[in-house]
């Protein structure tokens, strides 16, 4: 099974994207559940404790999940470029993530080695 491992040279852009995406998810949850006491407390704690979160939250992040590309470091296969397509099931508060690779890419060839 593929596991997400720390990038040997993490990119600040990757960190910011991850933080923005998590902020997007929190915004969507807050919009869907405006009376949820635990969520209200979490958002208050994050706002009070993190300048970065306040900046993200104030920018009003809202984005729908869709296609993204992730870089993963596999212990045997090395660096992999993974296509992530996200399907949201709003009535169940769930998301299905499809992780694929281009067929003739180095990652696609690495996936074939997993058989």
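The values are calculated or read from the model by the stated rules, or taken from the named source; none is laboratory data. Values in this document were obtained by computation on a predicted structure and should not be read as measured data. Ideal geometry is used to build each Cβ from the backbone, glycine not excepted, and the neighbour counts take in all protein chains shown.
Of the conditions (1) in a strand (DSSP E or B); (2) modelled with pLDDT of 80 or more, residue 68 clears all except one; give me its number.
(2)
For segment 25-46, how many residues are under 20 Å from the mean Cα position of the chain (by Cα), at pLDDT below 90 and loosely packed, with under 15 Cβ neighbours inside 10 Å?
Total meeting the criteria: 3.
Return the total of residues in segment 47-61 being assigned to a helix (DSSP H, G or I) and either within 19 Å of the chain's Cα centre (by Cα) or at pLDDT 85 or above (or both).
Number of matching residues: 10.
(1) surrounded by 12 or more Cβ atoms within 10 Å (Cβ to Cβ); (2) in contact (Cβ under 8 Å) with a residue 24 or more places away in the chain; (3) not in a strand (DSSP E or B): which one isn't true of residue 81, the others all being true?
(3)
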